[in-house]
Each structure stands twice: as C-alpha cells, then as structure tokens.
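What follows is one structure encoded as structure tokens, with my remarks underneath.
Coordinate-derived values only; no laboratory data. Everything quoted here is computed from the prediction, not taken from an experiment. So basically every Cβ, Gly included, is an ideal-geometry build from the backbone, and we count neighbours across all protein chains shown.
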Amino acid sequence: MPELPEVETLRLGLKKYLVGHKIEDVEILHPKIFFGDKKDIVGAAVKGIRRVGKGLIIDLSNEFSLAIHIKLTGQLIYQDNKTVKNPVSKLKVGSVPNKFTHIIFRLNGDSKLFYNDQRRFGWIKVVKTNEVMNLPFFKEMGPEPFAEELGSGQVDLTLDKFEEIISNSKTVIKPLVMDQKKIGGIGNIYANDALFKAKIDPRRKANSLSEAEIRKLYDSVLFVLKKGLDSGGASELTFVNILGQDGGYQNHTLVYGKRGKTCPNCGSKIKVIKLAGRGTFFCEICQK
DNA sequence: CAGTACGCCTGGTAGC
DNA sequence: TGCTACCAGGCGTACT
C-alpha cells in the first residue's frame, strides 16, 4: 500500500518533473475522483510539492493548491517528449492513458500528468492554499518519522514523542502504529515489518511495552521506512513512481505478504491473522 | 472518547 | 473451462 516511502517517492518525482509547468487544461474522465472547480487551477503554474503523511499537496502560482490522496491503487504518471516512451510497469496496461486513467492534467510544452486508479478510492481536491491544511486528513495528521530530515514542515516523530504515544495508549500496538492521527505515514506493510524487526507481537497492548521495547520499535520503524525510501517504495500492488517504474521494497519485506512462507529469522511458518480488520503477518516464535 | 463495522471498488483467486 | 463468491485495504462515517 502506498505509505510514507511511496508517497515521498512521488513527491520527489513531482518536484523534479512537475514544478514550473503550467496547467493548460484538466480532463476529468471520472468526476467522483475530482473535487472542486478545474477553472481555479487552469492557467496556474506548479510552484511546489508537499507531503503530509500519505497525502500530497501541489501548490500553484495562484491562490490554489491540489490536495491528493492515492489511497490503495492510485498512480501519478508524468510524461513529456523525453519520458513519453517509458512504459507503465504495472497492471499490464503498458502505457497511459489507459482504462484506469481518470484525470489528465495537460501541461505546457505538450507534457501531461495522468492520475490512474484501479479501485478509484483516491481523490484530488482543489483547495485554497491557505485553507488546504484545514482538510481534516491533513489537520489531524500525527507527528511523522523523518519530518525534520525531509523538511516536510510536519511535526517530527522524536523518540520522546513516540514513547509518549505508545505508553499512554491502551490500544493494540499494530493498529496504533497505523493510526494516522497518532503517527503519520505508516501503513500495513511497514507496520508489519517494523513489529517483526522489533520482535514485538502485533497483538500486544501498547502500554504493555517496556521502555526498551518502545525504543527498539522506534528504531525499527525508522529502519523499515528508510529501507522503503531507499528502495523507491513498495510495488506489491500497483504503485509506480512518476515515470511509471516499480519500486523495490516488495523484494525486501520481512514478513508482510509472506503467506505460507517461513520466518526469515527462525524458519517457522509466518502466521496470518486479522487485526482491526487488516491482514497481519508475524512470527509467533520470534515476536513476543 | 475509544473501538468496531461498513462502504467505497475491482482484479485476482479459491472453490465448485 | 467458466462461473460465482469472496477478499484486500486507507480512510470517512455511523454506530455502540
């Protein structure tokens, strides 16, 4: 699932390829994805790209911004005269536009930005720049790993903050780590892998973790997210970068998605359960 | 307030 | 083979 590393990969790509381009037109092929009036953004140029948790904000040269969430299967793909031959590696669709293309931003110089989304859970909203952070999803975002390092402008998830969040919660640890209002950016893949690396049973109550376990979990969260960032994200589903290319983390997962496989640590069979409605992968021998 | 169930959606797959 | 039934899952909403 697109999480912090995947969305950050998109942010870097958009920053490199999209900033400076002028939006000449917007083709809305699926109106349920696009909220707002396209007239507010046509004619404006792309000024900057921000990421808030798993969300993106494209700031324009006028008073508007685009708020974007790609949810499970969204793709943002940029093409111009130089990149146009890059195929999209996922969904066997080969190129864009395709049957999953719902929004096309036509940019100056014959460049385009495509929004594809197989399951159409994602959204793109036109919002005034000075009001974009009032969207509940952004406003309620918890502190984020690497916020300071990446210069995201969000509150940084320090070890102290992490300890406070974990030790003050009676919730089950895995859903807590994935709660965007508590901690921003972590989804199912990285939550599973971080808990495995920290050797903590995902079913534990958060406030039952010792100080040492909390520290270990903190380090593990940063470790797996960093691995994800360095891999250009995880493309286990439909995620591709701005040029339509796969990331690499799906080849490095520790336990996530390893149904029927064995624990990389002890060799026993990975257990799959549901926790708060989400698929949960762990090793009952290694994670206590 | 915290926790849970459901809806959104469709490609993939298990089961017949 | 071809059909049906069910599942995955981030997040908003409704409900307990």
XL table A:32/A:182; A:227/A:269; A:170/A:269; A:54/A:216; A:54/A:125; A:32/A:274; Cα-Cα > 26 Å flagged, in table order, is A:32/A:182; A:170/A:269; A:32/A:274
For region A:147-282, averaging the sequence separation of alpha carbon pairs under 8 Å that lie six or more residues apart and dividing by its residue count, the contact order in percent is 20
With the 8 Å Cα cutoff and a minimum separation of six or more residues, chain A has a relative contact order in percent of 21
Given 37 °C, 0.692 mPa s and a Kirkwood radius over Cα pairs, the Stokes-Einstein diffusion coefficient of region A:4-139 in µm²/s is 221
So, relative contact order of region A:207-288 in percent, Cα under 8 Å, 6 or more apart, is 16
If A:156, A:117, A:193 are placed from fewest to most neighbouring beta carbons inside 10 Å, the sequence is A:156, A:117, A:193
Length gained if residue A:204 through residue A:171 is fully extended, taking 0.36 nm per residue and subtracting the Cα-Cα distance, is 11.0 nm
Among A:178, A:277, A:2, the residue whose Cα sits farthest towards the positive end of the charge dipole of chain A, when +1 is placed on the Cβ of each Lys and Arg and -1 on the Cβ of each Asp and Glu, is A:277
Length gained, residue A:273-residue A:243, 0.36 nm per residue minus C-alpha separation, equals 7.3 nm
Going residue by residue through region A:193-209, the Karplus relation 6.51 cos²θ - 1.76 cosθ + 1.60 with θ = phi - 60° gives ³J(HN,Hα) values, rounded to whole Hz and with x marking Gly or Pro, of 5, 5, 5, 5, 4, 7, 6, 10, 5, x, 8, 4, 6, 4, 6, 8, 6
Most exposed to least, judged by fewest other Cβ atoms within 10 Å, A:208, A:169 sort to A:208, A:169
With x for Gly and Pro, the residue-by-residue ³J(HN,Hα) of region A:274-282, computed from phi through the Karplus equation 6.51 cos²θ - 1.76 cosθ + 1.60 at θ = phi - 60° and given in whole Hz, is 10, 10, 6, x, 10, x, 10, 10, 7
Note to self: C-alpha centroids of region A:149-199 and region A:41-88 sit apart, in Å, by 26
Rg from C-alpha atoms of region A:147-282, normalised by the globular rule of thumb 2.2 N^0.38 Å, equals 1.05
At R0 = 22 Å the Cβ-Cβ FRET efficiency linking residue A:61 and residue A:29, nearest 0.05, sits at 0.30
Rounded to the nearest 10 degrees, the helix A:211-230 long axis (Cα) sits at an angle to the longest Cα principal axis of chain A of 30
Sequence order, region A:135-149: Karplus ³J(HN,Hα) from phi using 6.51 cos²θ - 1.76 cosθ + 1.60, θ = phi - 60°, Hz rounded, Gly and Pro as x, gives 4, x, 4, 7, 4, 8, 5, x, x, 10, x, 6, 4, 6, 4
Taking N as the number of residues in chain A, the ratio of its alpha carbon radius of gyration to 2.2 N^0.38 Å works out to 1.03
